[in-house]
1. Taking the stretch 127-159 on its own, how many of its residues are assigned to a helix (DSSP H, G or I), away from ligand 2 (no atom under 16 Å from the Cβ) and either exposed (fewer than 15 other Cβ atoms within 10 Å of the Cβ) or at pLDDT 95 or above (or both)?
2. Under 9 Å between Cβ atoms, at least 6 apart or on separate chains: pull out the pairs that start in the stretch 263-279 with a residue that is under 17 Å from LEU77 (Cβ atoms) and end on any residue that is among the polar types (S, T, N, Q) and within 6 Å of ligand 2 (Cβ to nearest atom).
3. Looking at the stretch 106-126, which of its residues are in contact with a His (Cβ under 7 Å, 6 or more places away or on another chain) and either within 16 Å of ligand 2 (Cβ to nearest atom) or within 30 Å of THR251 (Cα to Cα) (or both)?
4. Any chance you could count how many residues in the stretch 27-59 are within 10 Å of LEU109 (Cβ to Cβ) and modelled with pLDDT of 95 or more?
5. I'm told THR238 meets every condition in (1) surrounded by fewer than 16 Cβ atoms within 10 Å (Cβ to Cβ); (2) polar (S, T, N, Q); (3) free of Cβ contacts under 8 Å to residues at least 24 places away in the same chain except one. Can you identify the failing condition by its number?
6. So, ASP168, is that one assigned to a helix (DSSP H, G or I), away from ligand 2 (no atom under 14 Å from the Cβ), among the charged types (D, E, K, R) and surrounded by 13 or more Cβ atoms within 10 Å (Cβ to Cβ) or not?
7. When you check SER205 against the structure, is it free of Cβ contacts under 8 Å to residues at least 24 places away in the same chain and either within 32 Å of the chain's Cα centre (by Cα) or within 16 Å of ligand 2 (Cβ to nearest atom) (or both), yes or no?
8. Please determine whether any residue of the stretch 10-26 is farther than 25 Å from LEU273 by Cβ, among the acidic types (Asp, Glu), touching a strand residue (DSSP E or B) at 6+ places or on another chain (Cβ under 9 Å) and at pLDDT below 95.
Amino acid sequence: MAFKGHMRSADLPIQHEGFLEHKRFRWANVAILLAVVSIIAYFAADVEPRPNGGTWIGYVLGTVSALLIVWLSMLGLRKRAVKPGRWSLKGWTSAHVYLGAALLVLATLHTGFQFGLNVHTLAYALMVVVIVSGFFGVYYYAVIPSRMSDNRGQRSQAELLEALHALDRQLRESAQPLDQVYVREIKRSIRRTKIRPPLFGSIASLKRRCPTERALKRMQKAEPNAPDDMRDAIKDVTAILQRKSALLQRTRQHIRYKTLLRLWLHIHVPVTLALLIALAAHIISVFFYW
Ligand code: HEM
Ligand code: HEM
């Protein structure tokens, strides 16, 4: 993810400026200003009994909110436009995050706190889902990349998987001198071990049921009573299984992180589409029925 900007100069330490603090929080300030002005306008507006979507202040807040939503939805297009525009992608993302959060204030004031079981409230609810998922995205982008590189060291996912296959090959070879029951157990563990953690299950529970762990425990139990000519082979196999177990842990964690980094976008983007449709229905219906 191209989120961290790098400014490098010969005698300065490397400075990182993430998208959140882009241009000294310019967009955070714009967003706060927008929210404060809206709150003042809402309470200062001379509307009886209280401002809602159908009053002049309601129309202003609704129009600004709708324009913001359309603009925020365009981030996907901007991301895919290869040509660098007048604004950097980092600037766009920064504005996106803060103005998106300000939208929560603007749109809520627009509704005049009137909610019901209707398409207007549906649009509002979808907007809240998009914004909340956005917060998760920002959190994941802030914490996951560094955890990911701590977890896998310098290795890529392909290298992690290749290292696991290499251990499997060593296991097959080192298990050969063992009794048939053990050889079967090892082969079974190689065939049946699942690497990918389930979407809604913990890595720990996958580990508890893992055939590699089972084989490892069995070998550890077998070692003290093993005949002398077997002991070395058992020790070898146990050591490889231990390395495989540790590597499995890292690989599963890596896949889990990657999934989290993508998963929230699978909510954020489709719900944006639903929001645009519901919003269009809201605007069209208030003009027809109001
Ligand atoms: C061009 C933009 C918009 C226009 C012209 C507009 C217009 C209106 C009007 C006229 C009302 C009053 C309806 C009534 O009192 O029965 C209203 C209410 C409402 N609007 Fe909007 N709106 C716009 C944008 C938005 C946006 C962006 C949202 C949120 C995503 C939104 C959510 C709502 C909700 C929840 C209500 C309250 C509905 C109720 O009373 O049950 N509107 N809007
Ligand atoms: C109603 C408001 C919002 C709409 C309609 C919206 C829409 C979108 C869209 C369409 C994308 C492009 C995703 C893609 O194609 O990869 C996106 C990305 C993103 N949004 Fe939002 N968003 C909204 C609010 C927010 C908020 C409030 C936050 C954070 C607090 C946020 C954080 C993000 C982030 C971090 C990205 C990813 C940028 C990237 O991967 O480069 N969004 N949003």
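The values are calculated or read from the model by the stated rules, or taken from the named source; none is laboratory data. All values reported here derive from a predicted model rather than from experimental measurement. Cβ: placed from backbone, ideal geometry, glycine included. Neighbour counts: every protein chain shown.
1. Number of matching residues: 7.
2. THR272/SER73; LEU273/SER73; LEU275/SER73; LEU276/SER73
3. Filtering the stretch 106-126 for residues in contact with a His (Cβ under 7 Å, 6 or more places away or on another chain) gives 119-120, 123.
Selection gives HIS120, ALA123.
4. Total satisfying the criteria: 3.
5. (1)
6. Answer is yes for this residue.
7. Numbers: free of Cβ contacts under 8 Å to residues at least 24 places away in the same chain: yes; either within 32 Å of the chain's Cα centre (by Cα) or within 16 Å of ligand 2 (Cβ to nearest atom) (or both): yes.
The answer is yes for SER205.
8. Here is the first cut: in the stretch 10-26, the residues farther than 25 Å from LEU273 by Cβ are 10-18, 20-26.
Cutting the leftovers down to among the acidic types (Asp, Glu) gives us 11, 17, 21.
Still in the list and also touching a strand residue (DSSP E or B) at 6+ places or on another chain (Cβ under 9 Å): 17.
Add one more test, that the residue is at pLDDT below 95, and what stays is 17.
Within the stretch 10-26, one or more residues are farther than 25 Å from LEU273 by Cβ, among the acidic types (Asp, Glu), touching a strand residue (DSSP E or B) at 6+ places or on another chain (Cβ under 9 Å) and at pLDDT below 95.
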